[in-house]
1. Kindly evaluate H105 against the criterion of being away from the ligand (no atom under 16 Å from the Cβ) and in contact with a strand residue (DSSP E or B) (Cβ under 7 Å, 6 or more places away or on another chain).
2. For the stretch 147-200, give me each residue that is more than 20 Å from the chain's Cα centre (by Cα), within 16 Å of the ligand (Cβ to nearest atom) and on the phi < 0 side of the Ramachandran plot.
3. Taking interchain pairs and intrachain pairs at least six residues apart, which have beta carbon atoms under 6 angstrom, with the first residue in the stretch 225-254 and within 10 Å of the ligand (Cβ to nearest atom) and the second part of a loop (DSSP other than H, G, I, E, B) and open to solvent by 70 Å² or more (accessible area, probe 1.4 Å)?
4. Of all residues in the stretch 216-239, which are outside any strand (DSSP E or B) and open to solvent by 30 Å² or more (accessible area, probe 1.4 Å)?
5. Those residues that are of a type outside the set (A, V, I, L, M, F, W, C), under 20 Å from A198 (Cα atoms) and either in contact with a Ser or Thr (Cβ under 8 Å, 6 or more places away or on another chain) or surrounded by fewer than 24 Cβ atoms within 10 Å (Cβ to Cβ) (or both), I need them from the stretch 40-68; list them, please.
6. Given the conditions (1) touching a helix residue (DSSP H, G or I) at 6+ places or on another chain (Cβ under 6 Å); (2) touching a residue at least 60 places away in the same chain (Cβ under 8 Å); (3) in a loop (DSSP other than H, G, I, E, B), report the number of the one that P181 does not fulfil.
7. For the stretch 125-146, give me the residue count where each residue is open to solvent by less than 50 Å² (accessible area, probe 1.4 Å) and either away from the ligand (no atom under 16 Å from the Cβ) or on the phi > 0 side of the Ramachandran plot (or both).
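The values are calculated or read from the model by the stated rules, or taken from the named source; none is laboratory data. What you see is a predicted model; the values in this text were computed from it and never measured. Methodologically, a virtual Cβ is constructed for each residue, glycine included, from the backbone with ideal geometry; neighbour enumeration extends over all protein chains shown. Side chains are part of the model used for accessible areas, which takes the heavy atoms of the whole protein and leaves out ligands, DNA and RNA. Shrake-Rupley method; radii C 1.70, N 1.55, O 1.52, S 1.80 Å.
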Amino acid sequence: MELSDAQFERYARHLVLEEVGEEGQQKLLQAKVLVVGAGGLGSPLLLYLAAAGVGTLGIVDDDAVDLSNLQRQIVHATESIGVAKVESARRTLHHVNPEVKVITHAERLADANVAALVGAYDLVADGSDNFATRYLLNDICYRLQKTLIGAALSPFEGQLSTFKAYLGPPHPCYRCLFREPPPPDSVPRCETAGILGAIAGVMGTLQATEVLKEILGIGESLSGSLLIYDALRAGFHKIKLPRDPDCPTCGTKP
Ligand SMILES: [Zn+2]
């Protein structure tokens, strides 16, 4: 498909880049990305992916917008309080880029629906705030051979990595890093621990950047590395994530 005149103008700053160009923009327009969670991470993720022209965006979230969300969940507006987050996000994204097809899934990811949901997309961005979802996505993305870009937040810190262990060694999966979820309630969630809102913006924006890089196939993938942002020290560092041959998900040993 040829780009329209309006698309040439809308995506001009992509088209001028040698690493993107018309071919790259076509890849973005044809891409289908599932964003899990329309919260602190999901907000900047969805906004930047829609603005970039990612053709199909699926949003999974079973929550409604609450006044206390607005301190960091910038895809939602005050007038959307009480509205389903997927619907509120869809409205905002339509204002940003009406060309993007937004598919809303107002449900919670569970064993019963995860394969069908993930299977309908090319790539998954995990912006969820709980370990059950993180492990569920890790295992299904490995099985269905989908690239997973996951981020996590704590009050003043963020972590980010890309998982594509289905490609084989040396790519690790999330379970190679943390084999089992921590005991329930041992790690406080945003709503109880608090968070400096802009940190969700930093991490969700980095996550969007990695999603775009994976679709375009440019630069260095974060697979095999964990990027850590320390907001109070204003520093980033990256640590290596080795693949665990004994990993229950991607391990090669019987
Ligand atoms: Zn693994």
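1. Working: away from the ligand (no atom under 16 Å from the Cβ): yes; in contact with a strand residue (DSSP E or B) (Cβ under 7 Å, 6 or more places away or on another chain): yes.
So H105 passes the test.
2. Filtering the stretch 147-200 down to residues more than 20 Å from the chain's Cα centre (by Cα) leaves 168-170, 179-180, 182-188, 192-194.
Checking the rest, the ones that are also within 16 Å of the ligand (Cβ to nearest atom) come to 168-170, 179-180.
Listed by number, the residues that qualify are P169, P170, R179, E180.
3. Partner pairs satisfying both residue conditions: R243/P169; R243/P170; P245/T252; P245/K253; D246/K253.
4. Pass one, the stretch 216-239, residues outside any strand (DSSP E or B): 216-222, 224, 231-234.
Within the stretch 216-239, G217, I218, G219, E220, S221, L232, R233, A234 qualify.
5. Of all residues in the stretch 40-68, those of a type outside the set (A, V, I, L, M, F, W, C) come to 40, 42-44, 48, 53, 55-56, 58, 61-63, 66, 68.
Narrowing the set further to residues that are under 20 Å from A198 (Cα atoms) leaves 40, 42-44, 48, 66, 68.
P44, Y48, D66, S68, listed by residue number.
6. Here P181 meets the rest and fails (2).
7. Here the count works out to 5.
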